[in-house]
Amino acid sequence: MCGIAALQLRNPSLHPQMGSLLSSMLCQIVDRGPDSAGLAVYDTPGLVSEGTATLSLLGKDQGLPVTDITAALAALLPSAAAAVKVVGDTTLVSAAVGTGLLVKAVSETLPQATIIGRGEHVAVMKSVGHPMEIAAEHGLEAMSGSQGLSHTRMATESAVTAGGSHPFSVADDLCLVHNGSFSNHATIRRNLVRDGVVFDSDNDTEVGARYIASRLQQGDDLETALTNLGKVFDGFYTLVVTTADSMAVVRDPIACKPAIIAETDDYVAMASEYRALAALPGIETARIFEPEPGKVYTWSL
């Protein structure tokens, strides 16, 4: 059992409240996943900026002082204004270059680092412990932004580690969270490995994220990628996928994992249980529905 809470804000006047709204939703799904938690926030000032690649690294201690990491990156990426910041249990590295170049420079500087988020729009943060303590440590309550995604994990198929927490972000601005399990993930992992895909963990959700990234790279749009996922993956699941400007929800054809959606002119919100939606503004008049089995829902900003 895991908990999901996701929020896409259509009304820019709500962007300053993104963190507080997502925090209130997260608070209601803590008991669904007390082992660990993760957050993805989009277009949050101070964490990301358009035109600048940002990598989220797992952990606040990368084995070198921040000043040394910054100096090493500046030497590798002159004129790129490389910057390093520690936020809670996450290290954020930014530079005015493409994501691929920044990944290469970080991998040379910090070969043991685990990249958990990448892109111009998203910052990913995750850790082990009580979800609300993790949110507080990273300052979620005060964050603004256009979209937010949160996940509380009760581990069932791999160890309780920060690396096994969701979201999984394996391509620019792409994030996936998952409630459930994929029964044939090992087979799909082997097929992806044969195609040259490299994995960071033994988690089944990472297989889903790598598969979606692969489909998008081959030309699928997000809806088509998730439709194809449903043809390949077996198991019971509710998935939420976010990109720089989109959010998608899909459940397996039996739909035994809970999900509920609230939609207004101002936002789209999804959660594992209604109680996570109950405090959102305008919920009294929102269109509230349970997503149909096997149907892909997408929304864009």
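The values are calculated or read from the model by the stated rules, or taken from the named source; none is laboratory data. Computed from a predicted model, the values in this text were never measured in an experiment. Positions of Cβ are generated from backbone atoms using ideal geometry, with glycine treated the same way; all protein chains shown enter the neighbour counts. Surface accessibility is based on the protein's heavy atoms, side chains included, excluding ligands, DNA and RNA. Shrake-Rupley method; radii C 1.70, N 1.55, O 1.52, S 1.80 Å.
Overview of values
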item	result
Number of the condition not met by residue 153 [criteria: (1) closer than 19 Å to residue 268 by Cβ; (2) of a type in the set (Lys, Arg); (3) touching a Cys at 6+ places or on another chain (Cβ under 6 Å)]	(1)
Residue list for the stretch 117-131, restricted to those being open to solvent by less than 10 Å² (accessible area, probe 1.4 Å) and outside any strand (DSSP E or B)	131
Qualifying residue in the stretch 36-52 (condition: within 23 Å of residue 162 (Cβ to Cβ) and open to solvent by 30 Å² or more (accessible area, probe 1.4 Å))	yes
Strands (runs of 3 or more DSSP E) completely within the stretch 247-301 that count 1 or more residues being surrounded by fewer than 21 Cβ atoms within 10 Å (Cβ to Cβ)	260-263, 287-289, 297-300
Any hit, the stretch 94-116, residues being part of a strand (DSSP E or B), under 18 Å from residue 200 (Cβ atoms) and within 18 Å of the chain's Cα centre (by Cα)	yes
Only listed residue being among the hydroxyl-bearing types (Ser, Thr, Tyr), surrounded by fewer than 24 Cβ atoms within 10 Å (Cβ to Cβ) and touching a residue at least 60 places away in the same chain (Cβ under 8 Å), chosen from 187, 152, 114	114
Some residue of the stretch 228-238 being part of a strand (DSSP E or B) and either among the hydrophobic types (A, V, I, L, M, F, W, C) or open to solvent by 10 Å² or more (accessible area, probe 1.4 Å) (or both)	yes
Any hit, the stretch 193-208, residues being farther than 30 Å from residue 102 by Cα, over 18 Å from the mean Cα position of the chain (by Cα) and in contact (Cβ under 8 Å) with a residue 12 or more places away in the chain	no
Counted residues, the stretch 132-170 - those being under 16 Å from residue 29 (Cα atoms) and in a loop (DSSP other than H, G, I, E, B)	5
Number of the condition not met by residue 176 [criteria: (1) in a strand (DSSP E or B); (2) aliphatic (A, V, I, L, M); (3) over 16 Å from residue 200 (Cβ atoms)]	(3)
Failed criterion for residue 7 (all others in (1) of a type in the set (A, V, I, L, M, F, W, C); (2) touching a helix residue (DSSP H, G or I) at 6+ places or on another chain (Cβ under 8 Å); (3) in a loop (DSSP other than H, G, I, E, B) hold)	(3)
